[in-house]
Amino acid sequence: MNIIGIGVDLVNIERVQQKLTRSSSFAEKILTSTEYDIFLKTQESNKAAYVAKCWAVKEAFAKANGTGFTSDLTWKDISYVSNGGPPSIVLDTRINNNNNNIHLSVSDENDSAIAFVIISNNC
């Protein structure tokens, strides 16, 4: 296994809560449609933590990918999935990942959410 890139991001949940309070469209701007559907169904007290985790995952992936966010990679191209199994990332079909493996770890505590991403290949 060759490591292509590593990325980590730490997000303050209170900062996300402030953004959600100030802008009713903030979540819709950074979440994919699948993530946004989950956001709408999430209990009010957990919404900021959920968005913080999504944000951290997207940022960590962009860092591991080595590109950051550009016109070629946007917030909506990266979707955080956690439905009972291990957390994962689903990329928009227009993003070429060269069949690389994406390894993801996500965690949150009272005030912070963190995501760690490793991109590797099998060469």
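A short reminder: the numbers here are calculations on the coordinates, not readings from a lab. Quick caveat: nothing in here was measured; it's all calculated off a predicted structure. A quick note on method: Cβ atoms are made from the backbone with ideal geometry, for glycine too, and the neighbour counts reach across all protein chains shown.
Across the chain, C-alpha contacts under 8 Å between residues 6 or more apart give a mean separation that, scaled by the residue count, equals a relative contact order of 40 percent. Per-peptide packing, taken as the mean over residues of other Cβ atoms within 10 Å, places 6-18, 96-108 in the sequence 6-18, 96-108 from highest down.
3J(HN,Hα) along the stretch 91-98, derived from phi through the Karplus expression 6.51 cos²θ - 1.76 cosθ + 1.60 where θ = phi - 60°, amounts to 9, 4, 4, 7, 8, 8, 9, 6 Hz, with x in place of Gly and Pro. From most to least packed by mean Cβ count within 10 Å, the peptides 63-73, 30-40 give 30-40, 63-73. Diffusion coefficient of the stretch 67-111 by Stokes-Einstein, Kirkwood radius over Cα pairs, 10 °C, 1.306 mPa s: 129 µm²/s.
Projecting the Cα positions of ILE30, SER105, ALA115 onto the charge dipole of the stretch 10-123 (unit charges on Cβ atoms of Lys, Arg, Asp and Glu, taken about the Cα centre) puts ILE30 furthest along the positive direction.
On a full-extension model of 0.36 nm per residue, what is the gain between ASN110 and GLU14, subtracting their alpha-carbon distance, rounded to one decimal in nm?
My answer for the length gained is 33.6 nm.
Helix 47-65 axis versus longest C-alpha principal axis of the chain: approximately 20°, rounded to the nearest ten. The angle between the Cα long axis of helix 13-22 and the longest principal axis of the Cα atoms of the chain comes to about 60 degrees, rounded to the nearest 10.
Taking a straight Cα-Cα cut-off under 16 Å and skipping sequence neighbours fewer than 8 places away in the same chain, the aspartates and glutamates within cross-link reach of LYS47 are GLU14, GLU28, GLU35, ASP37, ASP108, GLU109, ASP111. Restricting the calculation to Cα atoms, the chain yields a radius of gyration followed by a Dmax of 14.1, 47 Å. Compared with the direct C-alpha span, the chain from LEU40 to THR67 gains 6.7 nm at full extension, assuming 0.36 nm per residue.
For the pair ASN83 and SER24, label points projected 7 Å from Cα toward Cβ lie 2.9 nm apart.
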